[in-house]
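Written below as structure tokens is the structure these notes are about.
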Amino acid sequence: MGSPLRVLHVVVNMNRGGAETLIMNLYRNIDRTKVQFDFLTCKEGVFDSEILEMGGKIHRISYVTEVGHSGYVEELDMFFKEHSYYQIVHSHLDKMSGLVLRAAKKAGIPVRIAHSHNTQSEGGLGVKVYKWLVGQQIKRSATHLFACSNAASKWLFGNQADKAQLIKNGIEFDKFQFSFYIRNQVRSDLQLNKDTLVLGHVGRFCEQKNHMFLLETFAEIHKKIPESKLILVGDGPLREKIADKIRSLHLQQAVMVLGVRDDIPYLLQALDMFMFPSFHEGLPVTLIEAQGAGLPCYISETITEEVDMGNGLVSFLPITNKRVWVEQIVKGKNTQSARHVSHAAMTLKGYDIRKTAEDTERSYITLGGKTG
């Protein structure tokens, strides 16, 4: 058998964000004798060692915030000129993919994929205008469009949205199957009483995830249910601001900040409810994982309804009204249901990573001109 088709994924870094988690889930489940993943990144990430162990290569250039627009474009042009042997470039940088794919096009790389994972750009007005401008290059430079949801496709691709291929943010369901044994073990490790109401959130510490609202809402819940805890999993630029907020609300004993973790399937077993009040999302894999673990999910109504797997676990709530969140969660405490969910139903909706990996592998091989 010949060497595998090498696909270059472009990300800022390979940390535990939604897009990065999807890429790693795909990577672990594809046939790596047929397709291999390489990465163009700007910073080190927690998945780097696993990528190298699986045979992937990691290239590094500076990011635009470090070297400015001209410097970033120059480094992209130089990189793709030196690595023009790639047949497929798959960019996950939302609007910034315009610059990546423009450079790949200049280097003659035949297959250039733009992948939308969000429904809004981050940053202030100036940053958003800049991203909008460079995002215009996607239409001129991408040969194929991928998206995690219809909402994400419409945001990034506009009138070309119907041309996008949906790549569902699938998970390995067996890893999230509820287990009382694991729940008790994790609660013991975290020194949580079996009767404590434990709420949780998994997400990067950034403005998009709306942690301030989350903490203020939990503070009200904690007043009504003193035997309650909030677990925050993640890290990011707002870590200190979040720590300050926890102190100002006098929640130091009630909020556990666990940082970046690699045992999310186990941590979800210890929770009773999942809170996710993001300002915007594409289709967060974290919410698929939470539903896979049978958790009631209280989420922002700004998130696409495509995230609801139909197991009766998702409640869409307004992020303009903390009182509604408090009432719903306090009420939900008294109506806890069994944690066993129909993974067959979730598979039918297309969220089994093994099926997603098969389909994606087939797409790469077809696009790369190789036969399986």
Quiz item: Could you state the number of Å between the C-alpha centres of region 60-111 and region 301-360?
Solution: 36 Å
Self-check item: Dipole of region 111-269, positive end: most advanced residue of TYR266, SER116, GLN177 [Cβ charges, Cα centre]
Solution: SER116
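Counting only helical runs of four or more DSSP H residues, what would the 222 nm mean residue ellipticity of the chain come to if each run contributes -39,500 (n - 2.57) and the total is spread over all its residues? Numbers along the way, then the final one.
Values: 16 runs with 157 residues, N = 372.
Calculated from helices alone, the mean residue ellipticity at 222 nm is -12500 deg cm²/dmol.
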Exercise. Among SER49, MET275, ILE246, flag the residue with its Cα farthest along the positive direction of the charge dipole of the chain, charges on Cβ as +1 for Lys/Arg and -1 for Asp/Glu.
Key: MET275
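Ignoring ligands, DNA and RNA, what percent of the 1.4 Å accessible area of the chain is carbon and sulfur? Before the final figure, lay out the partial values.
Details: 8100 of 16340 Å².
Answer for the chain: carbon and sulfur cover 50 percent of the accessible area.
Which whole number in µm²/s is D for the chain by Stokes-Einstein, with the Kirkwood Rh taken over Cα pairs at 25 °C and 0.890 mPa s?
Details: Rh = 21.5 Å.
My calculation gives 114 µm²/s for D.
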Exercise. Would you kindly compute the Cα radius of gyration of region 295-372 and its largest Cα-Cα separation (Dmax), both in Å?
Key: 18.3, 57
Exercise. Springs between alpha-carbon atoms under 10 Å, Gaussian network over the chain: tell me which of ALA290, ALA254, ALA147 tops the mean-square fluctuations.
Key: ALA254
Quiz item: Which of HIS115, HIS144, HIS83 moves most in a GNM of the chain, Cα contacts under 10 Å?
Solution: HIS83
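Normalised by the residues of the chain, what does the relative contact order come to in percent, with Cα pairs under 8 Å and at least six apart? Could you put the intermediate results ahead of the total?
Working: 683 pairs, mean separation 62.3, N = 372.
Dividing the mean separation by the residue count of the chain yields 17 percent.
Subtracting the Cα-Cα distance from 0.36 nm times the residue separation, let me have the gained length for GLU301 to LYS128 in nm, one decimal. The partial results should precede the final answer.
Working: separation 173, 0.36 × 173 = 62.28 nm, distance 2.29 nm.
Stretched fully, the GLU301-LYS128 segment lengthens by 60.0 nm.
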Self-check item: For region 114-229, size of Cβ-based charge dipole, Lys and Arg +1, Asp and Glu -1, in debye
Solution: 320 debye
Quiz item: What length, rounded to one decimal in nm, is gained on full extension from GLN191 through to ASP174, with 0.36 nm per residue of separation minus their alpha-carbon distance?
Solution: 3.5 nm
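Rounded to the nearest 20 debye, what is the charge dipole size of the chain about its Cα centre when +1 sits on each Lys and Arg Cβ and -1 on each Asp and Glu Cβ?
Working: 45 positive and 40 negative charges, 99 e Å.
Using only the charged Cβ atoms, the result is roughly 480 debye.
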Self-check item: Inter-label distance, nm, simple model (7 Å from Cα along the C-beta direction), GLU53/GLN160
Solution: 3.8 nm
Exercise. Take the Cα pairs of region 122-258, get the Kirkwood Rh, then feed it into Stokes-Einstein at 37 °C and 0.692 mPa s and tell me D in µm²/s.
Key: 177 µm²/s
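State the Kirkwood hydrodynamic radius of region 18-136 in Å, one decimal place, computed from all pairs of distinct Cα atoms. Present the calculation step by step, with values, prior to reporting the outcome.
Details: mean 1/r = 0.0653 Å⁻¹.
About 15.3 Å, per the Kirkwood formula over Cα pairs.
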Quiz item: Hey, rough spin-label estimate for ALA338 and VAL324, points 7 angstrom out along Cα→Cβ, what's it come to in nanometres?
Solution: 3.1 nm
Quiz item: Beyond 21 Å, what share of the Cα-Cα pairs of region 148-223 remains, rounded to the nearest whole percent?
Solution: 60 percent
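I want the local charge near ASN15. Using Cβ-Cβ distances under 13 Å, sum +1 for each Lys or Arg and -1 for each Asp or Glu among the other residues.
Working: positive: ARG16, LYS43, ARG204, ARG261; negative: GLU20, GLU44, ASP48, GLU50, ASP235, ASP262.
Counting the neighbours of ASN15, the net charge comes to -2.
Take the Cβ-Cβ distance between VAL73 and LYS349 as r, set R0 to 35 Å, and report the resulting FRET efficiency rounded to the nearest 0.05. Don't jump to the answer; show the numbers that get you there.
Numbers: r = 40 Å, r/R0 = 1.15.
That gives a FRET efficiency of 0.30.
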Self-check item: Cβ-Cβ FRET estimate between GLU82 and LYS223, R0 fixed at 51 Å, reported to 0.05
Solution: 0.30
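The values are calculated or read from the model by the stated rules, or taken from the named source; none is laboratory data. No experiment lies behind these values; they were computed from the predicted model shown. Quick reminder, even Gly has a Cβ in these numbers, built from the backbone with ideal geometry, and neighbours come from all protein chains shown. These accessible areas exclude ligands, DNA and RNA; they are computed on the full protein's heavy atoms, side chains included. Shrake-Rupley method; radii C 1.70, N 1.55, O 1.52, S 1.80 Å.
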